[in-house]
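First up is the structure itself, then whatever we jot down about it.
The values are calculated or read from the model by the stated rules, or taken from the named source; none is laboratory data. Nothing here was measured: the structure is a model prediction, and the numbers come from that model. Keep in mind that these areas ignore ligands, DNA and RNA; they rest on the heavy atoms of the full protein, side chains included. Shrake-Rupley method; radii C 1.70, N 1.55, O 1.52, S 1.80 Å.
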Amino acid sequence: MRLKVIDFLLLVGGTIVFVLLLVLDKVVSLFSNPNHGTGWSNGESNLHEERERLKSKAYDNAEEKREQADFSKEMFVKQANYNVRYSQSEWNRAVRDEREYQRAKRDADSL
């Protein structure tokens, strides 16, 4: 009988202590969390800010790469236009030189 009374008192005492600690935890969390209405704690808010900062940095990086790609395309077009403009004269020169080579070789073979 004595053990049952001690067991009951320990159970009731433990329950009371548990409830008091639970209430104390809730009260402390309300005062330490300025964003309690939104459900965000300070740690979560910092993680959110860090995520937004990294996202912004990634978008900036992507924008820089897009600008570099646009510049590369523009330089390619300029080079292609230059090549088209001057390649015909270079081709004509190569054909003329090939003909002169063939003529010189034919003259050498005929000797």
Exactly one of (1) among the acidic types (Asp, Glu); (2) modelled with pLDDT under 90; (3) open to solvent by 80 Å² or more (accessible area, probe 1.4 Å) is unmet by Asp70. Its number?
-> (3)
Take the range 1-58 and flag every residue that is at pLDDT below 85, among the hydroxyl-bearing types (Ser, Thr, Tyr) and in a helix (DSSP H, G or I).
-> Ser29, Ser32, Ser45
